[in-house]
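Read the structure below first, then the notes.
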Amino acid sequence: MKKTILCLMTMMGIMTVSAQQKVENRDAQAAISNIMTRTSIRQYTNEPVTKADIETMLRAGMAAPTAVNKQPWHFVAVTDKNKLAELAGRRNMIKQAGVAIVVCGNMGKALQGPAQAFWVQDCSAATENILLAANALGLGAVWTGCYPMDDRVAEVSKVLKLPETIVPLCVIAIGHPAEQPTPKDKWKPENVSYNEFGGKAE
C-alpha cells in the first residue's frame, strides 16, 4: 500500500513538473512572439486608450534596466486631443493617437560627468518596454525621436512646459491600430560575430 502511494505521489510530482514546464514554455513562446510581432503603427481608430492600459505601459517602462538604478526618467502621458495636435508638429500619427507617452530624461537624477549620457540608454530601454507592452495589450505604437535634434527638443519642451532639467528623448504615439502592417524580418546573420569581430560560430 505504501509503495502504491509513493508511486502515485511520484507520478503526480512528475505530472506537476511537466505541466509547469509546458506553462513556462508557453509563456516563453508568448514573450518571444510579442517581440517578433511588434511593428510600428501610424494609423489609429478613434477608440480611446484606457487609464488602466496607460498605467500598465508606464509600469512596463519603469521596469527597464537602468545604470546604477538611477531611474533617470520622467514620463508625460498626453491624452488631450488639443495637446496631441500641438505636440504632433509634422508627425500626423500623434494627432490620431489615443495617448502619446513622452519619455524624458531627468538630468537631476542622471549620473554625473561622462556617465550622465547613460540616461539615453536607460530611457531607450524604457521606451522599448512601453512599445512591447502596447503590442501585448493589442494596441499599436510608434517611436518618434526628439533628442538629440535641438529643434524637436525645443518644440516638445515648449508644448509640455518642461523645465530645463527634463529632456524629451522621444514621443510614443499609441492607439488602437487602424492598419496591420506585416512585421519586418530583420534577422541578418552577417551582423553577428562570435568572440571577436568577424568570428564565426563554433
Subset of the range 33-46 (residues that are of a type in the set (V, I, T) and open to solvent by 30 Å² or more (accessible area, probe 1.4 Å)): I35, T37, T45
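One line per residue, one yes/no per condition, for (1) in a strand (DSSP E or B); (2) of a type in the set (V, I, T); (3) at pLDDT 95 or above; (4) under 14 Å from the mean Cα position of the chain (by Cα):
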{"residue": "A110", "(1), (2), (3), (4)": "no, no, yes, no"}
{"residue": "C123", "(1), (2), (3), (4)": "no, no, yes, yes"}
{"residue": "N129", "(1), (2), (3), (4)": "no, no, yes, yes"}
{"residue": "V159", "(1), (2), (3), (4)": "no, yes, yes, no"}
{"residue": "V171", "(1), (2), (3), (4)": "yes, yes, yes, yes"}
{"residue": "K186", "(1), (2), (3), (4)": "no, no, yes, no"}
{"residue": "F197", "(1), (2), (3), (4)": "no, no, yes, no"}
Tabulated pairs, the range 12-32, first within 21 Å of N135 (Cβ to Cβ) and at pLDDT 65 or above, second polar (S, T, N, Q) and in a helix (DSSP H, G or I), C-beta under 6 angstrom, 6+ apart or interchain: none
Residue that is under 21 Å from A85 (Cα atoms), touching a residue at least 24 places away in the same chain (Cβ under 8 Å) and open to solvent by less than 70 Å² (accessible area, probe 1.4 Å), where the choices are A154, A173: A173
Residue check, E202 assigned to a helix (DSSP H, G or I), open to solvent by 50 Å² or more (accessible area, probe 1.4 Å) and over 28 Å from N69 (Cβ atoms): no
Checklist (1) part of a helix (DSSP H, G or I); (2) of a type outside the set (G, A, S); (3) open to solvent by less than 50 Å² (accessible area, probe 1.4 Å) applied to K83, failing item: (3)
In the range 119-151, the residues that are open to solvent by 30 Å² or more (accessible area, probe 1.4 Å) and in contact with a helix residue (DSSP H, G or I) (Cβ under 8 Å, 6 or more places away or on another chain): Q121, N129, L132, N135, A136, L137, W143, Y147
Filter pass, Q116 being over 28 Å from N34 (Cα atoms) and either out of contact with any Lys or Arg (no Cβ under 6 Å at 6 or more places or on another chain) or in a helix (DSSP H, G or I) (or both): yes
Tally of residues being under 11 Å from I166 (Cα atoms), of a type outside the set (A, V, I, L, M, F, W, C) and either open to solvent by 40 Å² or more (accessible area, probe 1.4 Å) or in contact with a Leu (Cβ under 7 Å, 6 or more places away or on another chain) (or both) across the range 90-114: 3
Breaking point among (1) among the hydroxyl-bearing types (S, T, Y); (2) closer than 20 Å to T45 by Cβ; (3) not in a loop (DSSP other than H, G, I, E, B), for T182: (3)
Positions within the range 47-63 being open to solvent by 80 Å² or more (accessible area, probe 1.4 Å) and either without any contact (Cβ under 8 Å) to a residue 12 or more places away in the chain or within 30 Å of F118 (Cβ to Cβ) (or both), in sequence order: K51, E55, R59, M62
Residue, farthest from I172 (Cα to Cα), within the range 64-80, restricted to residues that are open to solvent by 40 Å² or more (accessible area, probe 1.4 Å) and in contact (Cβ under 8 Å) with a residue 12 or more places away in the chain: V68
Contacts under 6 angstrom Cβ, first residue in the range 176-192 being open to solvent by less than 100 Å² (accessible area, probe 1.4 Å), partner of a type outside the set (F, W, Y) and assigned to a loop (DSSP other than H, G, I, E, B), 6 or more apart: H176/T45; H176/E47; P177/I41; A178/Q43; A178/T45; E179/Q43; P181/T39; P183/T39
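The values are calculated or read from the model by the stated rules, or taken from the named source; none is laboratory data. Nothing here was measured: the structure is a model prediction, and the numbers come from that model. Using ideal geometry, Cβ is built from the backbone for each residue, glycine included, and neighbour counts are taken over all protein chains shown. SASA here: full protein model, heavy atoms, side chains in, ligands and nucleic acids out. Shrake-Rupley method; radii C 1.70, N 1.55, O 1.52, S 1.80 Å.
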